[in-house]
Amino acid sequence: MKRSTPILVFALVLGFAGIAGAQSSGTPGPGAYDIDSLLTEHQLIKGQAARTDVIAWDSTSSVHLTQIETSVEMHHHAKHDENVWIIRGAGRLTLGDQKMKVKAGQFIHIPRGTPHAFHNMGSNPAVVLSVFSPGFDCKDRIYEDKAGK
């Protein structure tokens, strides 16, 4: 069943986590997290296109904080559903064959197997929280330019 664009955009919130080189300090676990504190603790390095940090993880789901300076290349996840909440910024999202503008406050649902990409359209990094189900170990990321090779 094909969903309408507004539902897809509303469902978009957390889908960009696990971008090349996910990073984590310590063992993520239960807790209440403050976005500003997390961004201070996990700073995007100048020149880095994107940075993803694991915030919480268990076998059923994982939460990732992603900062996107420029873009996230087209990719999909074969074994994971991704839900993305855009915390800060705006950009152009490609979700399957749809292209749309997205901004802070929107939620995105990305079912497993759905190709997706993001291009930051702001002057500051976009910040998103992604929730993966099951828990994402950052290995199930298949870039589209390599999928058929």
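Which one of HIS109, ALA78, ALA56 has its Cα pushed farthest toward the positive end of the charge dipole of region 55-115, where Lys and Arg give +1 and Asp and Glu give -1 at the Cβ?
About the Cα centre, the residue reaching furthest to the positive side is HIS109.
Just to check I understand the Karplus step: with θ = phi - 60° and J = 6.51 cos²θ - 1.76 cosθ + 1.60, what whole-Hz values come out for region 126-134, glycine and proline as x?
In residue order, the calculated couplings are 6, 10, 9, 10, 10, 10, 9, 9, x Hz.
Amide H neighbours of THR114 under 5 Å, counting only residues 5+ apart in sequence or on other chains, H built in-plane at 1.01 Å?
For THR114, the qualifying residues are HIS77.
What whole number of Å gives the distance from the Cα centroid of region 26-70 to the Cα centroid of region 83-129?
16
Please report, in whole Å, how far the alpha carbons of region 19-143 spread along each principal axis, starting with the longest.
Principal-axis extents of the Cα atoms in region 19-143, largest first: 37, 33, 25 Å.
Using a simple charge model, +1 on the beta-carbon of Lys and Arg, -1 on the beta-carbon of Asp and Glu, nothing else, what dipole does region 49-149 show about its Cα centre, in debye to the nearest 20?
260
Under the Kirkwood approximation applied to all pairs of distinct alpha-carbon atoms, what is the hydrodynamic radius of region 104-149 in Å?
Radius from the Kirkwood sum: 13.2 Å.
Values quoted throughout were computed directly from the atomic coordinates according to the rules given, and no laboratory measurement underlies them. Keep in mind the model is a prediction, meaning the values are calculated, not measured. In this analysis, Cβ positions are derived from the backbone assuming ideal geometry, glycine residues included, and neighbour counts consider all displayed protein chains.
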